[in-house]
Amino acid sequence: MERGSIPPVIAKRVIPCLDVHGGQVTRGVQFGKAEAGELRNVGDPVALALRYNEQGADEMVFFDITATAHGRSTMVDVIERAADQCFMPLTVGGGIKSVEDMYTMLRAGADKISINSSALANPDLIRAGAEKYGSQCIVVSIDAKRVGPDRWEVFSHGGRKSTGRDAAAWAVEAVALGAGEIVLNSIDADGTKAGFDLVITRRISESVGVPVVASGGAGSLAHMAEVLLEGRADAVLAASIFHFGQHTVGDVKQFLASKNIPVRL
Amino acid sequence: MIALLDYGSGNLRSVHKALLKAGADVRIARNPAEMKDCRAVVLPGVGAFDDCMHAMEKQELLGGVRDFIKTGRPFLGICVGYQALFERSEEFNSSAGGLGIFAGKVVRFDGSPALKVPQIGWNQLEIQRPDCPLFEGIPGGSHVYFVHSFFPRPENPGIVSTTTDYGGSFASSVWHENVFGTQFHPEKSQKVGLRLLANFVALTRK
């Protein structure tokens, strides 16, 4: 590109998500099913991370769905190996309950820490993490489910338990406490490949002053463009669409670029 | 040998591995004695400005870094390690002093309410100093990875080697003589970042 030919602009991010269970990447068919044992084995997390790194992924999220002590030590090893070979941003989530847990993952090579149920149980963890490592490090992940014509509630424990909290209100509160990014996962859309929930994504993106990552429901390239444009998301996160070879990260970015969405090619 | 300063910063391992990938011999240094005989120093950093300054102070790294820089050998500060080169920060009523190598303070993005802060993601470099050895082989418009809410505002515009636009233009890197600083994370910026680090490593071979 010729210097100064177009004004510089921050790129929309495309983020593959790796659910790690017992050291392997797995994928549940729909929300919560992974925890119930309905898993498809996708492969070695580091091998997949390297593949997505080659494809031009902007970031990667590793999610520990084991959430046991043994699972966590496996996770540290996965992050270390991925960080040693992929010189790109890594986010780690799942089972992080304290600032010490955060530090362990950061030292292993993670750049951002994603918390969900532990933030709901102890919102002060958001503040403590942000104070220690900066807001840019603390991601609050929200599992939202539509419970009425115009109401989305936050669910915890892998989407099994309603907290009764309004999703957008929780996002605003999390940001006030110090969250530097929100990942919004639509429970209704997750795993359906029917498209992201545009309404709640946009509502949250317009209510908070931090980046919002849309997750759950990516089934086609058009869905990705939709949630970035109509949903006002700053990034898209997806798993199955990449894991099962339907599209590469490069395909997604080429498509987004063709829709005049700024991406890093 | 390049000294990589360890004062508890979270991104130490990533910077270490990226320097190795870029061809460097690296020593993790925790005190001034361990960096003294090295050919270059890298100061990583993520998190809160005051936390970083206090941790460095505890390990007597403030004086150590100032002395090292005076020797004229290459020095690179990354993210908060870049911000630390300035006099002070406006972060959360910060009271800690910076290294004061450069005049200016660290400020927060305060653009339009529509501007998302922190800036998280890949943004582009506009090269202001094409003669800066760190950017050899890196074209203007290249994307690098940022994750920050604050950035330094140098008083001397002449030290700004690249700018980046995020609700307005800011100094995404600086260069003066032997001292380099980048607000972005070269260790997380894939090929472009590794090239920048390799350029830095090359300076130690001259």
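Taken together, the values in this text are just the output of simple stated rules run on the coordinates, not laboratory data. Just so it is clear, the structure is predicted and the values come from calculations on it, not from any experiment. Reconstructed Cβ throughout: ideal geometry from the backbone, glycine too, with neighbour counts over all protein chains shown.
Data overview
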item	result
Most mobile of B:K188, B:K21, B:K116 in a GNM of chain B (Cα contacts under 10 Å)	B:K116
Per-selection Kirkwood Rh - segment A:129-216 (Cα, Å, 1 d.p.)	13.0 Å
Amide H contacts of A:E181 (H built 1.01 Å from N, under 5 Å, at least 5 apart or other chain)	A:V140
Percent antiparallel among DSSP beta bridges (both partners in segment A:91-176, rounded to 5)	55 percent
Three semi-axes of the equivalent ellipsoid, chain B, Cα gyration tensor, whole Å, largest first	23, 20, 15
Rg/Rh ratio calculated on Cα atoms of segment A:13-258 (Kirkwood radius)	0.93
Exposure proxy ranking, count of Cβ atoms within 10 Å, fewest first, for B:R205, A:R13	B:R205, A:R13
Ranked list, fewest to most other Cβ atoms within 10 Å of each Cβ, for B:D50, A:D111, B:D6	B:D50, B:D6, A:D111
Inter-chain shielding of B:190-198 (mean C-beta neighbours from other protein chains, 10 Å cut-off)	2
Distance between segment A:82-114 and segment B:165-199 - C-alpha centres, whole angstrom	22 Å
Ascending count of other beta-carbon atoms within 10 Å, so fewest first, for B:K191, A:K145	B:K191, A:K145
Distance cut-off 16 Å, percentage of C-alpha pairs in segment A:47-97 lying past it	37 percent
Sites A:Q254 and B:R153 - FRET efficiency at Förster radius 41 Å, r taken between beta-carbons, to 0.05	0.65
Debye equation applied to the C-alpha atoms of segment A:70-149, log10 I(q)/I(0) at 0.12, 0.20, 0.25 Å⁻¹	-0.35, -0.85, -1.18
37 °C / 0.692 mPa s Stokes-Einstein diffusion coefficient of segment B:43-106, Kirkwood radius on C-alpha pairs, µm²/s	283 µm²/s
Lysine pairs meeting the criterion (Cα under 19 Å, 8 or more apart or interchain), as found in chain A	13
Cα-Cα separations in the protein assembly as shown greater than 37 Å, expressed as whole percent	22 percent
